[in-house]
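Everything on this sheet refers to the single structure shown next.
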Amino acid sequence: MIRTLVVSATLLLPGLATAQALEIQPVTDGVWAIVGEKQQRSPENLANNATFGLIATEDGAVLVDPGGSWKGAEALHAAIRTVTDQPVKYVVNTGGQDHRWLGNGYWQAQGAVVIASEDAVADHQNRGSIQMTGLAQFLGAELEGTEPAYASVTFDDTYTLDLGGMTFEIVHPGAAHTPGDSFVWVPQRGTVFTGDIVYVERILGVGEQSSIAEWPETFKAMEATGATHLVPGHGHATTLDQARADTYDYLMNLRGKIGALLDEGGDIMDAPAVDQSAFSYLEQFDSLAGRNAQTAYQQMEWE
Ligand SMILES: [Zn+2]
């Protein structure tokens, strides 16, 4: 009902459809987090309901994640122009969620080269059609122009990009929120961009495409960078300590509680009731904690 009302309002007032909140958060010299909403995809946020990263070098800019739709990518581009004149030459897809790749077509049309892990591209190919169906529901007419478009540069587990005297180490240590998750480490700026390996401020999502087994190890590979600044997949730029508290500790508590439930022969129906209350400070806790527990149970049954 609420969604119908929003879509109707958009049709009546098309000028409002592109008005969305993308907050530009300066991180360090020539580095920004572009922080989108933490809520569900909507015609207003154009599926940019995530955090993106931007690094400007003297030879062009690198964008970490393209936005969730053609128009979402266009809105990101407008935000980028407010902080740098450098053209976006490279776009990294850090994972398989829609906001990590469905804006690719826009950037390729601007001449940017898109880079992703082979596992991420396989995930895009597997889930692209179902993601487009979902976005058609959430975005309605605002999905116009969006077509699945794939990275032209792919890698197995690591890829090094050199641009403007800076090095970008793109690393896919294993699965996390999605099978192809990668982080981008920029040593000269002490900054790591984690994509959906890290959620802060809001509860992370354990979905069917996630790996509750590999995610903690993938997190530790990211943490080993020792980064001073961290741009997460959701939430504001922060520190490794907050990332550990909101993501790693959450995952380990969930694994511990579901492991204990399995040990005592508990049923999946009991999974949503395991004690996650230490994390109730995270946004969207009430709507996602129980579902995360069920998915964790389904996956851990087979470990
Ligand atoms: Zn995400």
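The values are calculated or read from the model by the stated rules, or taken from the named source; none is laboratory data. Keep in mind that what you see is a predicted model, and the values were worked out from it rather than measured. Using ideal geometry, Cβ is built from the backbone for each residue, glycine included, and neighbour counts are taken over all protein chains shown. In case anyone asks, the SASA skips ligands and DNA or RNA and just uses the protein heavy atoms, side chains included. Shrake-Rupley method; radii C 1.70, N 1.55, O 1.52, S 1.80 Å.
Things to note:
- Of all residues in region 255-284, those satisfying the criterion of being open to solvent by less than 10 Å² (accessible area, probe 1.4 Å) and either modelled with pLDDT under 95 or in a helix (DSSP H, G or I) (or both) are Ile258, Ala271.
- The listed residue being in contact with a Leu (Cβ under 9 Å, 6 or more places away or on another chain) and more than 30 Å from Asp29 (Cβ to Cβ), out of Leu230, Leu251, Leu240: Leu251
- Region 39-52 residues that are at positive phi, paired with ones that are among the charged types (D, E, K, R) (beta carbon under 8 Å, 6 or more apart): Leu46/Lys71; Leu46/Glu142; Ala47/Arg41; Ala47/Asp98
- Residue list for region 179-197, filter: under 13 Å from the mean Cα position of the chain (by Cα) and surrounded by fewer than 24 Cβ atoms within 10 Å (Cβ to Cβ): Pro179
- All positions within region 44-100 that are of a type in the set (Ser, Thr, Tyr) and within 15 Å of the chain's Cα centre (by Cα): Thr51, Ser69, Thr94
- Counting only residues that are within 18 Å of Phe168 (Cβ to Cβ), outside any helix (DSSP H, G or I) and away from the ligand (no atom under 16 Å from the Cβ), region 64-90 holds 6 of them.
- Scanning region 207-231 for residues that are over 26 Å from Gln298 (Cβ atoms) and not charged (D, E, K, R) turns up Ala224, Thr225, Gly226, Ala227, Thr228, His229, Leu230, Val231.
- Candidate set: region 97-114, residues that are assigned to a loop (DSSP other than H, G, I, E, B) and within 16 Å of the ligand (Cβ to nearest atom); chosen: the one most open to solvent (accessible area, probe 1.4 Å): Gln97
- Residues located in region 211-226, provided they are more than 16 Å from the ligand (Cβ to nearest atom) and open to solvent by 10 Å² or more (accessible area, probe 1.4 Å): Ala213, Glu214, Glu217, Lys220, Ala221, Glu223, Ala224, Thr225, Gly226
- Qualifying residue in region 22-36 (condition: of a type in the set (A, V, I, L, M) and outside any strand (DSSP E or B)): yes
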